[in-house]
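Worksheet: one structure, shown below.
The values are calculated or read from the model by the stated rules, or taken from the named source; none is laboratory data. None of these values were measured; they are calculated from a predicted model. Note that each Cβ is placed from the backbone with ideal geometry, even for glycine, and that neighbours are counted across all protein chains shown.
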Amino acid sequence: MKTIFEWGGRNPFAGAKVPLLVTVEQSENWEHLFRVTYGLQRKPDLTYNQACAEIGSAILHALCCDGIASNQGA
């Protein structure tokens, strides 16, 4: 697996309670599947579309945890 993306750590827009890191890795074999890791959660064998959804969900969750966004709904 090759790391292709990392996001997280302390957020400059608000004091982060816990530095959270989202990591995306891609297999280097012919399948080119992805693995998204967020905290203790690890999602392996994802397609491109599945990885996109996991990345977005993880980043939005981290923003909600830092109080930047709200998950209470509109």
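Tabulated data for the structure shown
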{"read-out": "Scan of the range 25-74 for residues that are surrounded by fewer than 13 Cβ atoms within 10 Å (Cβ to Cβ) and touching a helix residue (DSSP H, G or I) at 6+ places or on another chain (Cβ under 6 Å), ordered by number", "value": "71"}
{"read-out": "Complete set of residues in the range 24-69 that are of a type in the set (D, E, K, R) and touching an Asp or Glu at 6+ places or on another chain (Cβ under 8 Å)", "value": "35, 43"}
{"read-out": "Subset of the range 33-60 [modelled with pLDDT of 90 or more and in a loop (DSSP other than H, G, I, E, B)]", "value": "33, 47"}
{"read-out": "Cβ-Cβ under 7 Å pairs, at least 6 apart or on other chains, the range 45-74 side in contact (Cβ under 8 Å) with a residue 12 or more places away in the chain, far side hydroxyl-bearing (Ser, Thr, Tyr)", "value": "58/38"}
